[in-house]
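Can you read through this structure? Questions will come right after.
The values are calculated or read from the model by the stated rules, or taken from the named source; none is laboratory data. Computed from a prediction, not measured in an experiment: that's the story for all the values here. For neighbour counting, all protein chains shown are included, and Cβ atoms are generated from backbone atoms with ideal geometry for every residue, glycine included. Ligands, DNA and RNA are stripped out before the accessible areas are found, and what is left, the full protein with its side chains, is counted by its heavy atoms. Shrake-Rupley method; radii C 1.70, N 1.55, O 1.52, S 1.80 Å.
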Amino acid sequence: MSNPGFLYVIATLLPLASFLLLFAGGKRWPGRVGGLIAVGGIGGAFVCSLIGFLLFLGAMPKHGHHDDHAKGAAVQATTPAAGSGTQPTATKPAEPGKEEAAATKPAEAAHGHGHAHAHADDHDHDSFAWKGSLSWVALTGFGSDDGGLDIRLGYYIDSLGAIMFLMVTFIASLIHIFALGYMSEELQPTVEDHQAHVTRKGRFPRFFMWFSLFCFSMLNLVLADNLFQVFVSWELVGVCSFGLIGFYYERQSATNAANKAFITNRVGDAGFIIGLLILWTQCGTLTFHTTTETVTTRSGRQVEKVKQLGIFDALRAPEHDTHKDPIKEHGQFVRVRHITEDDDHLLQMNPAGDHVVIWDKATLNGHFHGPDEKGRFEAYLSDRDGGHGHGMKTMPYWMLVLAGVGIFLGCVGKSAQFPLQVWLPDAMEGPTPVSALVHSATMVAAGVYLVGRVYPLFAPEVLLTIAYVGAITAFIAATIAIVQTDIKKVLAYSTVSQLGFMMLGLGVGGWVYGLFHLLTHAFFKALLFLGSGSVIHGCHHEQEMTKMGGLHAKMRTTSLTMLVGVLAICGTPLFSGWYSKDGIIVAALSFASLNPEHMALFLLPLIGAGITAFYMFRLWFVTFTPRDEHVYEHAHESPRVMTVPLIILAVCSVVVAWGPRPWDVQGSALEHFVHHSQPESLKVDTGINLNTAVLQAEPDSARAENVIANTFARDSWLHPLTVKLGWGPHDLAGLLALVVAGLGVLLSFAVYYWRVFDPQETRERFPWAYDLFQNKWHFDALYSALLVRPTLVVGYWCKAFDQKVIDGLIHGLAHLTVLVSRFDGKVDNGLVDGLVNLTGRVVFGVGDWLKGAQTGLIRNYVLFMAVAAVGIFAVVSYVLAMAG
Amino acid sequence: MNIGLTHYLILGAVLFVTGLVCMASKRNAIGVLMGVELVLNAANINFLAFARYNQTFAIEGMVFTLFVIVMAAAEAAIALAIVLNFYNNHVSVDVDAAEELRG
């Protein structure tokens, strides 16, 4: 192994090992052994991830991106001299800086392969990662080149993967430990299920078996270096969620919820598959990142060749063409039009072109030029027709958009986004640790993570879709959460809402903030769910908040840790949610400031943030502060095994996003770490990208690429704010977010603590709103009317058709067969057997008759012989006479 | 009147029929054997007559006659042995008593 990536492979396989152990012998081991095995598996994975993370920190290149670019310029300057002698260098404008750089590297210029090394280093620094893979399914004979269609198993650990691993294993470990306490009822030989009114066996090992598989699936998803491996894990995650949501499968509601989760996810996965198929067909690869190898040509030169093409490099323009001339459009989708001129088929670059160039292996390893002054592409490919231009592969642009939307649809299903958000609240039927795991580290995180991972595949239209879906989800889910009374359902809708925030952040170009919020959210959402689990455990499986109240006195640890989680999710300064949520709101405002027609993308989440603050404090007040009626008497604090994870998570929820200066909202160390994995294309993408605005605003700043601008772009309608007040998006959005959240908290205090308003009265004053929110914006009714009931009707029709027509047909055929058989039997018995018997009888009769001739008397025999001889003689004579 | 082939053939035919009738009518096994001899000798007469009157069969006819004589001697030896055994079993040489081979 050339790098410590294998640590992550071990970390992935440990939960799988514990799953297999539990699968094989879980039922035989007494007591908590099964649970301890699972805890050991995930704990080992956490240790591996932690070691890997520390090694990664040590191995990561230290200098920033600004240095990289200076170096990149130097490298490019050496190119004309080093690359090939055939290309005239005089055609390019020589910049003074570049000349100087070229002069400082005469040794490299003299040697032909100097460039290759320099380039390799440069590339590594741009996206530092540990990679490795092995062939899994090789489809030979499909591609024109060897190994063209090859499904691989591999790992790709960049800073995003490393931090995701750390987060997932850490939170999953804590939830495992918590579950040891929470699931202790299952240790009894028989458990009485009060909801399903049945007595059943305890299922302690079974729970941890599913948990282990869940963790393995999620880790494998983060580990994967290609989309197919992601898809396999993706489906495994789906299966595990099905098994865990339906853990209490005696309850009808639990099985329904499990089915709902699974089926809703199928809708999204159909889109995912379509996206995969389009990419596989058009690009011939699903691997994320290109691997190269150095090949010595016949003339002795060492050339870097593409070994395994990555899907991003297949769609985004390369840095330079085969003559090492830089391509201006590096990192963008190159949209072209097919034109014909002088019988030559050419690709004309056009921002509204209906095709996108695919940079396949043959092109990159072959011979192609960047666009000429007219914006035309040419490629000369020996194994194609050798003509002009049409050697380069293209795919229709709508297909690229469709692939992006398809993959995003998969993420919509997994991350419970509008319009597939309906399954997540129902998934509360599972045990609370499952909800915590699903809502923080695994299932729903997978969708957001994948959007971040395949970000370079998304065309601007897709990104806009993502942003709108996120904004709508964030708002709708927040409004529904206001009226929920089930403590877990409030948290479920808050998860949906927060996931909407993440998607919005990703969609408007705040790649870092979307994923940053995913990480911080994982901590406080795990905390909140485990806290609610502790409450539910303490109240003997009571989930209705209306029946709680005043629990603060009885469950002090739970109450305080949950308060930390509530503050974090509201975006209170210095709590982890502040940094990430602020980033998302800023990104949305920056985007909206450049595109005023998309102002809703800023307003919806802003209002959503206010509502979030309101309903989260409502949850805390209703549950923990004393009330006159319905006080739960028998509540008790949970055991240490449950409160310790709560305390750890509470501490993490505060400090996890801190940087060297915690009061600087832009100074989060976690954010800067995630930033290292930011896709290259984000920096150069035109269209609706946020960072374009940033680059325009601060062309010279080293932080321009790292951090959202502190000023509004010059062509933004909010630019006067910068001119007059010196305000940037950060100031305005941060202030607005705090004000709105503060208003939400104040309102919550007013209603549920100071009792200025009576919630009952408010409800009666706005019956339409209450009705709308209580019925979840009628999504369930809509789907029931649009999809479920028609499906059932079709199902009943099919059943009737099956029973009446098909069964009738089959029964008729059966009757017919019986009739034919009966007739056939008669024929067989009468005719066939009769003939056979007749033959026998005839032969017997003849034999019996001829028996008389055999007298045993020699004299008779002699007589017979004589007569026969005479007879034969007579016949022969007659015949001969007749014959003439 | 010239003695020709026809006369020999007639003689052979008469002898043959005589032997055949003897075989068919005699109940005495010895008599049956005698009938067989007559039939064989009728054949011999035919062979010799053809050897005499047809040059093509000059040698073959005589050789066949000799074969038949030798064969008849062998046959007589075997047949007499059978008859003796038959006599030992049945105390008779009546061929009608030998009906164990009846179907």
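Just want to confirm a number: the relative contact order over the stretch A:413-512, from Cα pairs under 8 angstrom separated by 6+ residues, in percent.
Working: 121 pairs, mean separation 36.4, N = 100.
The normalised contact order for the stretch A:413-512 reaches 36 percent.
Relative contact order of the stretch A:299-357: what whole-number percent is it, with Cα pairs under 8 angstrom and at least 6 residues apart? Please list the in-between numbers first.
Details: 72 pairs, mean separation 14.9, N = 59.
So the answer I get is 25 percent.
Taking all protein chains in place and a 1.4 Å probe, what share, in percent, of the accessible surface of the stretch A:176-328 do carbon and sulfur account for?
58 percent
Now for a separate question. Once you sort the root eigenvalues of the Cα gyration tensor of the stretch A:813-877 as a ≥ b ≥ c, which label holds: rounded (a/c under 1.5), prolate (a/b larger than b/c) or oblate (the other case)?
Taking the square roots of the gyration eigenvalues as a ≥ b ≥ c, the stretch A:813-877 is prolate.
Also, I was wondering about something else. Apply the Karplus parameterisation 6.51 cos²θ - 1.76 cosθ + 1.60, with θ equal to phi minus 60°, to every residue of the stretch A:405-415 and state each ³J(HN,Hα) to the nearest whole Hz, in sequence, with x for glycine and proline.
Rounded to whole hertz, the list is 5, x, 5, 5, 4, x, 5, 4, x, 5, 8.
Ok, one more. Please identify every one of the chymotrypsin sites (Phe, Trp or Tyr not before Pro) in the stretch A:181-283 that sits in a loop by DSSP and has no more than 16 other beta carbons within 10 Å of its own beta carbon.
On the way: sites: A:Tyr182, A:Phe207, A:Phe208, A:Trp210, A:Phe211, A:Phe214, A:Phe216, A:Phe228, A:Phe231, A:Trp234, A:Phe242, A:Phe247, A:Tyr248, A:Tyr249, A:Phe262, A:Phe272, A:Trp280; in loops: A:Phe247, A:Tyr248, A:Tyr249.
Loop-located and lightly packed - A:Tyr249.
Note the buried accessible area between A and B here, summed over both chains, with a 1.4 Å probe, in Å² to the nearest 100. It would help to have the intermediate numbers written out before the result.
Details: alone 39050 and 7240 Å², together 45300 Å².
Buried area between the two chains comes out at roughly 1000 Å².
Which FRET efficiency, nearest 0.05, do B:Thr18 and A:Val832 yield, Cβ-Cβ r, R0 56 Å?
Details: r = 58 Å, r/R0 = 1.03.
Here the calculated transfer efficiency is 0.45.
Another question about this same structure. Work out the mean other chain Cβ neighbour count within 10 Å for the residues of B:23-29 and drop it here as an integer. Before the final figure, lay out the partial values.
Details: counts 7, 10, 3, 3, 3, 0, 1.
Mean shielding by partner chains, rounded to a whole number: 4.
With an 8 Å Cα cut-off and a minimum separation of 6 or more residues, compute the relative contact order for the stretch A:154-230 in percent.
Values: 54 pairs, mean separation 30.0, N = 77.
It comes to 39 percent, rounded to a whole number.
Rolling a 1.4 Å sphere over the protein heavy atoms, what is the accessible area per residue of the stretch A:144-229, to the nearest Å²? Write down the numbers at each step before the final one.
Working: 2570 Å² over 86 residues.
Accessible surface, normalised per residue, equals 30 Å².
For the stretch A:427-531, state which trypsin sites (Lys or Arg not before Pro) are in a DSSP loop and have at most 11 other beta carbons lying within 10 Å of their beta carbon.
The qualifying sites: there are none.
Cα centroid distance between the stretch A:728-755 and the stretch A:452-527, in Å?
First find each Cα centre; the distance between them is then 20 Å.
If R0 is 41 Å, what FRET efficiency do you get for B:Leu11 and A:Val843 from their C-beta distance, rounded to 0.05? Before the final figure, lay out the partial values.
Working: r = 47 Å, r/R0 = 1.14.
In this case the efficiency is close to 0.30.
Can I ask one more? If each of B:Val91 and A:Arg765 carries a label point 7 Å out from its Cα toward its Cβ, how far apart are those two points in nm?
14.9 nm
Cα-Cα over 22 Å: which of A:Lys307/A:Lys414; A:Lys489/A:Lys525; A:Lys27/A:Lys525; A:Lys488/A:Lys554; A:Lys414/A:Lys488; A:Lys201/A:Lys525? Numbers along the way, then the final one.
Values: A:Lys307/A:Lys414 33 Å; A:Lys489/A:Lys525 13 Å; A:Lys27/A:Lys525 32 Å; A:Lys488/A:Lys554 20 Å; A:Lys414/A:Lys488 19 Å; A:Lys201/A:Lys525 31 Å.
Long pairs (Cα-Cα over 22 Å): A:Lys307/A:Lys414; A:Lys27/A:Lys525; A:Lys201/A:Lys525.
For a protection proxy built on the mean count of beta-carbon atoms within 10 angstrom, sort A:589-596, A:47-54 highest first, please.
Numbers: A:589-596: 23.0, A:47-54: 19.6.
Packing proxy ranking, top to bottom: A:589-596, A:47-54.
Could the peptides A:502-512, A:610-620 be put in order, highest first, of the mean number of other beta-carbon atoms found within 10 Å of their residues? Provide the component values of the computation, followed by the final result.
Working: A:502-512: 30.9, A:610-620: 25.3.
Per-residue Cβ counts within 10 Å, averaged per peptide and sorted highest first, yield A:502-512, A:610-620.
From Cα coordinates alone, what are the radius of gyration and Dmax values for chain B in angstrom?
For chain B, the Cα-based Rg and Dmax read 16.8, 54 Å.
Looking only at other chains, what is the average number of their beta-carbon atoms within 10 angstrom of each beta-carbon in A:861-867?
On the way: counts 3, 12, 5, 1, 3, 6, 0.
Per residue, the average neighbour count from other chains is 4.
Given R₀ = 22 Å, what would the calculated FRET efficiency be for A:Arg301 paired with A:His330, taking r from the Cβ atoms and rounding to 0.05?
Details: r = 24 Å, r/R0 = 1.09.
Once rounded, the FRET efficiency stands at 0.35.
Test of the criteria: in the stretch A:275-329, which GluC sites (Glu not before Pro) are in a DSSP loop and have at most 13 other Cβ atoms within 10 angstrom of their Cβ? Mind dumping the intermediate values first?
Values: sites: A:Glu293, A:Glu304, A:Glu319, A:Glu329; in loops: A:Glu319, A:Glu329.
Passing sites in the stretch A:275-329 do not exist.
Against the globular-protein guess of 2.2 N^0.38 Å, express the Cα radius of gyration of the stretch A:764-875 as a ratio, rounded to two decimals. Each step should come with its number before you reach the end.
Values: Rg = 43.2 Å, N = 112, 2.2 N^0.38 = 13.2 Å.
So the Cα radius of gyration is 3.27 times the expected 2.2 N^0.38 Å.
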